[in-house]
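One structure below.
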Amino acid sequence: MRRIDAVAAMRELFEAHGRGRVPQPPQVLTVLPDSRGDFITYSGILPEDGVLGVKVSPYVVTPSGGKVTATTMLMSLETGQPLLFCDSLALTTERTAATTALAVDLLAQSDAANLAIIGSGPIALAHLRHVLPLRPWRRIRIHSRNISAKKEVLEASLGEFQPVPEIVDDCSRAVADADVVLLCTSSGNPVLSMDHIKPGMLVTSISTNVARAHEVPPDALARMNVYCDDRSTTPLIAGEMVLASENGWSRDDIRGDLGELAIGRAQAPSLIEPASSGPWALASKT
């Protein structure tokens, strides 16, 4: 994975998607009986590369808590034979982070200098690695719940980055004056409030298997400029959007998706407005 320019790969993918060259049906959710969890299945086709892909991701409830796994298979459009069968953990980590990085490149202000990351696991560090070259960052702050217990190990992982990220134990301080905030958690409940989100700030959010998981309060969408990775599928699965739509927010308010942004069909928000993206994106209007 380190030999692959993942952000460039996602840019090519979303450009093809924006031109209607990448069929991607909606995810399928299958609920396991007896409240034992669920699994999601998603597929897509990339005709230029002659492949179709399928990812299956179970969320299994166990006595010790929920467990998420995933497996990816690629198949040839020419022969119908499998080309790749692999555990999706590393692949999903890189793809998720690279998609967010593409959103940052397309939506963040060109002079964005202060970066905040909420989350401290492998996906958060992959986000940092992919986003680092995109802007002239002067300050980077990282926060997560219970980060004090991880501080020593995390500091050893952060030494390779420049500028060296600052570990902070308070979310409000982590996002104060941030130009870009990357939400990289598996939380089923909001990790930011509207008090944290300021004009001009880009906030990116990722998804998780937890039903209706959301990292931003759903009622915040009405006060934000909203972007997503795919306007045809994301509103059906992003917890914030699903919940907001039940309270009057409309998917018609989405300003653009990554495919539309990549080919110039949608415009980024102005410098006085905040935005967000990843699997989906938010931007405050006030």
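The values are calculated or read from the model by the stated rules, or taken from the named source; none is laboratory data. Just so you know, these numbers come straight off a predicted model, no measurement behind them. Counting neighbours? That spans all protein chains shown, and the Cβs are built from the backbone with ideal geometry, glycine included. Quick note on the areas: whole protein, heavy atoms, side chains included, nothing else; ligands and nucleic acids left out. Shrake-Rupley method; radii C 1.70, N 1.55, O 1.52, S 1.80 Å.
Worth a mention:
- Qualifying residue in segment 83-99 (condition: open to solvent by less than 30 Å² (accessible area, probe 1.4 Å) and of a type in the set (A, V, I, L, M)): yes
- Subset of segment 108-123 (residues that are open to solvent by less than 10 Å² (accessible area, probe 1.4 Å), of a type in the set (A, V, I, L, M, F, W, C) and within 21 Å of Tyr227 (Cβ to Cβ)): Ala112, Leu115, Ala116, Ile117, Ile118
- Applying the condition of being part of a helix (DSSP H, G or I) and of a type outside the set (A, V, I, L, M) to segment 171-183 and asking which residue is least open to solvent (accessible area, probe 1.4 Å) yields Cys171.
- Pair list, Cβ < 6 Å and 6+ apart or interchain, from segment 103-115 residues that are more than 16 Å from Arg138 (Cβ to Cβ) to residues that are assigned to a loop (DSSP other than H, G, I, E, B): Ala103/Ser277; Ala103/Gly278; Leu107/Ala268; Leu107/Ser277
- Hits in segment 16-45 (condition: under 22 Å from Ala126 (Cβ atoms) and at pLDDT 90 or above): His17, Ile40, Gly44
- Verdict on Ser186 being open to solvent by 30 Å² or more (accessible area, probe 1.4 Å), at pLDDT 85 or above and polar (S, T, N, Q): no
- Some residue of segment 35-58 being of a type outside the set (S, T, N, Q), closer than 30 Å to Ser148 by Cα, under 21 Å from the mean Cα position of the chain (by Cα) and open to solvent by less than 50 Å² (accessible area, probe 1.4 Å): no
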